[in-house]
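A short worksheet on the structure shown next.
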Amino acid sequence: MKNLIKKSILVLLLVTASLANANVNFENIRIFTGNTKSLNLELKNNDGGLEIFIKDIYGVELYKEEFNGTKFSKKFDLNLLPDGNYVVEIEGQTKINLLPFKVTGSKVEVLEMKKEIIYKPIVRIENDLVFVSKFSLNKEQLKIAFYDANDNILLEEKLSNDIMQGKIINISQLSKGEYRLFAKDSKRRYVHQIVK
């Protein structure tokens, strides 16, 4: 058990180091406007299968596309969009890139200063242990809740307000079946299915 905990801490440190050096300045994503009421998106993907959305300020999906590959390029025609603020959201396996833009008349402006990366909680199961970790540059608190198939709460906890947060849940005493792990930060709520 001690060796497993040491290995887990080592994995968390390696993940933290790689995330700390990760692309915080969006060098793998290029978003720009053209001469028309359009938006161009180019990206080099290293985060598994992606879902690419365009959403309005209320979170309503106006466009959705799934992408599996390494290079993506698309020009979005925004002529039908009314004036307002929108966001291109790129959700991968480990992070969500938020790229806001504004439509005014026939003009589209990328809001460079409001770009943001949200790191998703990583859930990994090994034997009878569930490892939960999350990288948070803003040190925002992560709340987790673990439920059985009958919606009985088995664990509820607020993790520390650190850059790297983690929790190990021992499920060895639980019976076989399906469980759900909810993780919530200040911006998003994530659900993971756990099968024992």
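The values are calculated or read from the model by the stated rules, or taken from the named source; none is laboratory data. Worth saying up front: this structure is predicted, and the values here are computed from it rather than measured. Counting neighbours? That spans all protein chains shown, and the Cβs are built from the backbone with ideal geometry, glycine included. Heads up: the accessible areas ignore ligands, DNA and RNA and are worked out on the full protein's heavy atoms, side chains in. Shrake-Rupley method; radii C 1.70, N 1.55, O 1.52, S 1.80 Å.
For the residues L39, L62, the requirement of being surrounded by 18 or more Cβ atoms within 10 Å (Cβ to Cβ), among the aliphatic types (A, V, I, L, M) and not in a loop (DSSP other than H, G, I, E, B) singles out L39. Residues that are more than 21 Å from G34 (Cβ to Cβ) and surrounded by fewer than 17 Cβ atoms within 10 Å (Cβ to Cβ) do occur in segment 69-78. State which residue is nearest to I31 (Cα to Cα) when the search covers only segment 101-115 and only residues that are in a strand (DSSP E or B) and either open to solvent by less than 30 Å² (accessible area, probe 1.4 Å) or of a type in the set (S, T, Y) (or both). Here the residue is V110. Looking for something closer than 30 Å to N35 by Cα and of a type in the set (G, A, S) - is there at least one such residue anywhere in segment 172-179? Within segment 172-179, not a single residue is closer than 30 Å to N35 by Cα and of a type in the set (G, A, S). If I filter segment 171-196 down to residues being in a loop (DSSP other than H, G, I, E, B) and open to solvent by less than 30 Å² (accessible area, probe 1.4 Å), which single residue comes out as farthest from V130 (Cα to Cα)? By that ranking, first place goes to D185. Being among the hydrophobic types (A, V, I, L, M, F, W, C), without any contact (Cβ under 8 Å) to a residue 40 or more places away in the chain and in a loop (DSSP other than H, G, I, E, B) is the filter here, so list the residues in segment 127-170 that pass it. Those that are among the hydrophobic types (A, V, I, L, M, F, W, C), without any contact (Cβ under 8 Å) to a residue 40 or more places away in the chain and in a loop (DSSP other than H, G, I, E, B): A149, L159. Residue check: is D162 on the phi > 0 side of the Ramachandran plot and open to solvent by 20 Å² or more (accessible area, probe 1.4 Å)? Criteria not met by D162. Of all residues in segment 87-100, one or more are assigned to a strand (DSSP E or B), closer than 22 Å to K187 by Cα, open to solvent by 20 Å² or more (accessible area, probe 1.4 Å) and touching a Pro at 6+ places or on another chain (Cβ under 7 Å). Sub-9 Å Cβ pairs linking a first residue in segment 98-122 that is closer than 27 Å to F182 by Cα to a second residue that is of a type in the set (D, E, K, R) and open to solvent by less than 20 Å² (accessible area, probe 1.4 Å), at least 6 apart or interchain, are L98/E89; L99/E89; I118/D185; Y119/K134; K120/K134; P121/K134; P121/D185; I122/K134, ordered by first then second residue. Do we find that Q141 is at pLDDT below 95, over 29 Å from N45 (Cβ atoms) and open to solvent by 10 Å² or more (accessible area, probe 1.4 Å) in this structure? Yes.
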